[in-house]
Structures are given as C-alpha cells and as structure tokens.
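See structure below.
The values are calculated or read from the model by the stated rules, or taken from the named source; none is laboratory data. The shown structure was predicted, so the numbers you read here are calculated from the model rather than taken from an experiment. Because the Cβ atoms are built from the backbone with ideal geometry, glycine has one as well, and the counts that use them run over all protein chains shown.
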Amino acid sequence: MIRRARVAALFGIALAASVASGCSQMPFHDDSYKTEIPAVLEAADLGITDAWAGVSLSGFTETLSIGGTVQLPPNESTEATPEFVRDVIGVALNGRSMSMSYLDLAFRDAEDESVDVASALTSLGATPGYDGTSITMDEARKIAEESGR
C-alpha cells in the first residue's frame, strides 16, 4: 500500500513539474517590439497616443497584441476605417520579422470606449477570430504588404 502511494506521489510530482515548465515558458524571441512598435505607431501621424505592444501565450500559440488611444472626430462612431487598420498593421509590421501566430488589435477612443476593428479587418480580406480583433499573422502580413507603409 505504501509503495502505491509513493509511486502515485512521484508520478504527481513529475507531472506537475512537466506541466509547470512546459506551459509557463514563453518562447524566446527579440522583445524590441515592445518599444519599437509603439514608437512607430505614435510617430506615423495616425492619431494614436499611448501606444503599446505585447505578446500573450495561449498553449503554444503566441499572439502579438498592439493598441493605444485613437483620436476620433467628435460624435463619430467608434468603428475603425479599413484605411486606418491597414495603415496601423503596415506601420507595425514594416520591416519586422515576427514569429507570432496571430495579431490582435486593441484600440480605445478618448472616452476609453473600444474601437471596433472587426468590419475593417473583414473588408481588408481577413477573417477575424471570435473576438473580432485578432487575425492570423499571415493575413496581417498580406494587409501590411498592401498598405505601402
């Protein structure tokens, strides 16, 4: 009986260690995007302030998230235009080799309301995920190539 308990305990420890080490580690990559992407977005005259960039990990899939505050005209809807989204993606990815699988856009207006990008992404030929803000990196690269930025 004691032997079974020891085997179970050792198995549990080994399983916990492998899960903890495998699921908590972000793959290694250059993290210069954290400062470079926000700087180029703010400098690109797109009306973006407080820009940021980060990477999240879900299982083994990395997502590059970029966002910031967008200056929208007063009394306008909080829906991004396809041109704005195309230019944001073009500026953010221009000259960068990104190993992430997805790109997520998370912009807010001056009143801290979410800016809808789903219809703009769709009109640019992408298929946004269930959240309406993320697309595959392949779709993002195609949009970036078409942006001319």
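Restricting ALA53, ALA144, ALA110 to those that are at pLDDT 90 or above and either exposed (fewer than 14 other Cβ atoms within 10 Å of the Cβ) or over 14 Å from the mean Cα position of the chain (by Cα) (or both) reduces the list to ALA144. Residues that are in contact with a Ser or Thr (Cβ under 8 Å, 6 or more places away or on another chain) and outside any helix (DSSP H, G or I) were ranked within the range 37-50; the one that is nearest to GLY125 (Cα to Cα) is ILE48. Taking the range 79-111 as the range and being of a type in the set (Ser, Thr, Tyr) and in contact with a strand residue (DSSP E or B) (Cβ under 6 Å, 6 or more places away or on another chain) as the test, the residues that pass are SER101, TYR102. The requirement of being of a type outside the set (Val, Ile, Thr), in a helix (DSSP H, G or I), in contact with an Asp or Glu (Cβ under 7 Å, 6 or more places away or on another chain) and in contact (Cβ under 8 Å) with a residue 60 or more places away in the chain is fulfilled nowhere in the range 27-34; no residue meets it.
Before we move on, is GLU139 charged (D, E, K, R), closer than 14 Å to THR63 by Cβ and outside any strand (DSSP E or B)?
When the stated conditions are applied, GLU139 passes them.
Out of the residues in the range 56-89 meeting the condition of being of a type in the set (A, V, I, L, M, F, W, C) and assigned to a loop (DSSP other than H, G, I, E, B), tell me which one is modelled with the lowest pLDDT. Let's see the steps before the verdict.
Kept after step one, since they are of a type in the set (A, V, I, L, M, F, W, C), are these residues of the range 56-89: 57, 60, 64, 66, 70, 72, 80, 84-85, 88-89.
Filter again for assigned to a loop (DSSP other than H, G, I, E, B), leaving 60, 72, 80.
Details: PHE60: 87, LEU72: 74, ALA80: 90.
Only one residue fits best here, namely LEU72.
The residue of the range 61-76 that is farthest from ALA110 (Cα to Cα), among those that are touching a residue at least 24 places away in the same chain (Cβ under 8 Å) and of a type outside the set (A, V, I, L, M), is THR61.
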